[in-house]
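Colleague: Sharing a structure, written as structure tokens. Questions coming.
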Amino acid sequence: MSRNQRLGLIAAAVVVLVVAFVLIRPGEQEDPAPPKFKTTQPETQTAEAKPGPPPVPVVDMRDGKPAGGAKTFEFRPGDSARIDVRSNQPAEIHLHGYDIEKSVQPGKTTTVRFRADIDGIFELEDHDSDQELARIRVNPR
Amino acid sequence: MTLPIAHGIAQRADLPITLGLFLFGSVVVLVVSFVALAVLWRRPLFEPYPWRPLSGFLSRVLSSRPVEILCGATGVALLGLVIYAGLKGQQTAAANFTPTFVYVIFWVGMVAASILFGDVYRAFNPWRAIGRAVAFVARLATRGELPPPLAYPRRLGYWPAATGLVAFTALELVNSTPDDPSTVAIATLVYSVLTFIGMALYGVDAWTTRGEAFSVYFNLFSRLAIFETREGVLGLRPPLAGLTRIQPGSGLVLVVAAMIGTVSFDGLSETGLWVDIGGALGDLFGSLGLSSETAFEVSNAVGLVAMVALVFALYRLGIAGMKILDERRPAGQLADWFVPSLVPIALAYVGAHYLTLLAFQGQAMTYLASDPLGEGADLFGTAEVGISYFMGARLIQWLWVALVVGGHVAALALAHDRALVVYRDEQDKVVPSQLWMLAVMILFTISALLLLLSSNA
């Protein structure tokens, strides 16, 4: 293969890669499934739909375990996130990554609040037993 | 069911790459492979490769006796701390020095150090340091009449290292409580005893080069680095070139298969596919009367061994393809000659899978160093320092794809270069012999991207 042919081939390869980049647009986030929980829902704040409070994720602890298994709660980056935790016995809970620790008392609702500014997947745990209570998923910007 | 986050010590698990990034990465791999075939060089670049000594002063300092003793002593002190903190410290994974040090700083950090600076592990290897110190004292005590060690059996080759690597990764990935500090400490003790037995039988150097799993593992990665010491003189070599000087031996292919296969299993175990397969296996073993914990461990062991075997089989398939053209050379020999070219792919797997573990969880060392036992000490005043998540998922994902594509290109270059040497008198076989190998490498590389796409998806 001559030198010119090689250069031509490399040029063609570069063109293919550029075209692929433009077509596939790998830098863009896929249209994300609408987060299950977010604090503001501008689309629903129209005149006819009453702006009801957004659903707040709830973790119900029964004897140190999450009722119905550990769920995944998804947040958008920058959301002011909150999770309510209830338990039938006292517990210490810990949200990894955001490093938030709270005590939970039976009969009371404890709210974990944080700004979802670290992307990734994080566990909410019972601090004493390391039992996973829920999973927080924050998508990239 | 949700998947357990792989490590109790990791605070954050990675998000999967987007489908777009997966597709684009795959296109890049295919295009690069195709172009590589067309623009390949005719004369080996890496064999023999140039080596240029660095300044004499730096060499003299780095290979001086005090520096050697200092590095060895540091290694021994850290080994001691791993065992002591693991046994005596608080038994909470995240608060104890031992699990984070072993799985993050040692297992992953040393890979990064090896690639950047060459075979630094050799200097810090605590077992080698102890072995040499004991040998020194024993020679003094016996006035030089110490019996020589046994000759290292050829057939043993790299088998002890391959077994050791699979055993270590089993501790991490099969075991249901991998981060339990005392488990890690006891495993370290057991491994130390086995290593000392190996060194006592075959000599410190022979066992370190072939038998000691971590020496072999980090040494393979260090061969990507530009630093190489020859007879105590530090010098520079081209990147990747060091891989051409690996001493072939029985079990070497298995070592490399274990490097790729174990990380593949770690990735696989975070996918929905493994939830189904592992769950079914667990049910099967449970129905045979195993407890749920044992059934979980047995199904993990099956998965781990199966992935190593799969990587081994795929590589041997590439070799079988080479054999179609080459009736003269035995397949085993070809397999040994070409396996170093897979080391960059192994790096891509390790790098992509453990990048954030090192970058983020590695920072935990700042507070664990101040409070290694997790008992509220603050030796260096850093016990309250937190982890900074300084890279966002987007940047991380592009770095992963760059690593995977870069590893693929390096592997192609090495395999072609090796083919030029092996078939130096049969030029017509150089490119055709590598076509199967190319297909196998594309498979490994796209599988790496596929794991990034489906982990935690």
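Colleague: B:GLY279 passes all but one of (1) outside any loop (DSSP other than H, G, I, E, B); (2) touching a residue at least 60 places away in the same chain (Cβ under 8 Å); (3) under 19 Å from the mean Cα position of the chain (by Cα); which number fails?
Modeller: Condition (3) is where B:GLY279 drops out.
The rows are residues; the columns are (1) within 10 Å of another protein chain (Cβ to nearest Cβ); (2) under 15 Å from A:ARG137 (Cα atoms); (3) at pLDDT below 75.
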{"residue": "A:ASN4", "(1), (2), (3)": "no, no, no"}
{"residue": "A:ALA12", "(1), (2), (3)": "yes, no, no"}
{"residue": "A:PRO26", "(1), (2), (3)": "yes, no, no"}
{"residue": "A:ALA33", "(1), (2), (3)": "no, yes, yes"}
{"residue": "A:THR40", "(1), (2), (3)": "no, no, yes"}
{"residue": "A:GLY52", "(1), (2), (3)": "no, no, yes"}
{"residue": "A:ASN88", "(1), (2), (3)": "no, no, no"}
{"residue": "A:GLU92", "(1), (2), (3)": "no, no, no"}
{"residue": "A:HIS96", "(1), (2), (3)": "yes, yes, no"}
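Colleague: A follow-up question, please. Check segment B:196-208 and report whether any residue there is charged (D, E, K, R) and within 18 Å of B:VAL343 (Cβ to Cβ).
Modeller: At the first step, the residues of segment B:196-208 found to be charged (D, E, K, R) are B:205.
Subsequent filtering for residues that are within 18 Å of B:VAL343 (Cβ to Cβ) retains none.
Looking for residues that are charged (D, E, K, R) and within 18 Å of B:VAL343 (Cβ to Cβ), one finds none in segment B:196-208, hence no.
Colleague: Identify, please: which residue in segment B:369-411 is away from chain A (no Cβ under 14 Å), within 24 Å of the chain's Cα centre (by Cα) and in contact (Cβ under 8 Å) with a residue 60 or more places away in the chain and is, among those, surrounded by the fewest Cβ atoms within 10 Å (Cβ to Cβ)?
Modeller: By that ranking, first place goes to B:GLY406.
Colleague: Given the structure, is B:GLY332 under 30 Å from B:THR244 (Cβ atoms), within 23 Å of the chain's Cα centre (by Cα) and surrounded by fewer than 18 Cβ atoms within 10 Å (Cβ to Cβ)? Write out each step before concluding.
Modeller: Numbers: under 30 Å from B:THR244 (Cβ atoms): yes; within 23 Å of the chain's Cα centre (by Cα): yes; surrounded by fewer than 18 Cβ atoms within 10 Å (Cβ to Cβ): yes.
The answer is yes for B:GLY332.
Colleague: Would you be able to tell me the number of residues in segment A:109-141 that are of a type in the set (A, V, I, L, M, F, W, C), facing another protein chain (nearest Cβ under 8 Å) and in a strand (DSSP E or B)? First the steps, then the outcome.
Modeller: So in segment A:109-141, the residues of a type in the set (A, V, I, L, M, F, W, C) come out as A:112, A:114, A:116, A:118, A:121-122, A:124, A:133-134, A:136, A:138.
Still in the list and also facing another protein chain (nearest Cβ under 8 Å): A:118, A:121-122.
From what is left, the residues that are in a strand (DSSP E or B) are A:121-122.
Residues in segment A:109-141 being of a type in the set (A, V, I, L, M, F, W, C), facing another protein chain (nearest Cβ under 8 Å) and in a strand (DSSP E or B): 2 in total.
Colleague: Would segment B:371-387 turn up any residue that is within 30 Å of B:LEU450 (Cβ to Cβ), at pLDDT below 95 and either in contact with a helix residue (DSSP H, G or I) (Cβ under 6 Å, 6 or more places away or on another chain) or not basic (Lys, Arg) (or both)? Working first, answer last.
Modeller: Residues of segment B:371-387 that are within 30 Å of B:LEU450 (Cβ to Cβ), as a first pass: B:387.
Restricting the remaining residues to those that are at pLDDT below 95 gives B:387.
Narrowing further to those that are either in contact with a helix residue (DSSP H, G or I) (Cβ under 6 Å, 6 or more places away or on another chain) or not basic (Lys, Arg) (or both): B:387.
The answer is yes, given that some residue of segment B:371-387 is within 30 Å of B:LEU450 (Cβ to Cβ), at pLDDT below 95 and either in contact with a helix residue (DSSP H, G or I) (Cβ under 6 Å, 6 or more places away or on another chain) or not basic (Lys, Arg) (or both).
Colleague: For the list (1) more than 14 Å from every other protein chain (Cβ to nearest Cβ); (2) assigned to a helix (DSSP H, G or I), I need the number of the one condition that B:GLN363 fails.
Modeller: Answer for B:GLN363: the failing condition is (1).
Colleague: Could you run through segment B:243-257 and say how many residues are surrounded by fewer than 20 Cβ atoms within 10 Å (Cβ to Cβ), among the hydroxyl-bearing types (Ser, Thr, Tyr) and out of contact with any Gly (no Cβ under 9 Å at 6 or more places or on another chain)?
Modeller: Adding up the residues that qualify gives 0.
Colleague: Next up: How many residues are part of a helix (DSSP H, G or I) and surrounded by fewer than 23 Cβ atoms within 10 Å (Cβ to Cβ) if we restrict to segment B:219-235? If you could, list the steps in order and put the result at the bottom.
Modeller: Filtering segment B:219-235 for residues part of a helix (DSSP H, G or I) gives B:219-222.
Still in the running and surrounded by fewer than 23 Cβ atoms within 10 Å (Cβ to Cβ): B:219.
Adding up the residues that qualify gives 1.
Colleague: Now for a separate question. Of all residues in segment B:26-35, count the ones that are farther than 21 Å from B:TRP400 by Cα and either within 27 Å of the chain's Cα centre (by Cα) or among the β-branched types (Val, Ile, Thr) (or both).
Modeller: Let us first name the residues in segment B:26-35 that are farther than 21 Å from B:TRP400 by Cα, namely B:34-35.
Now restrict to residues that are either within 27 Å of the chain's Cα centre (by Cα) or among the β-branched types (Val, Ile, Thr) (or both): B:35.
Residues meeting the conditions: 1.
The values are calculated or read from the model by the stated rules, or taken from the named source; none is laboratory data. Because the structure is predicted, anything quoted here is derived from the model rather than measured. Cβ sites come from the backbone with ideal geometry, for glycine too, and all protein chains shown count toward neighbours.
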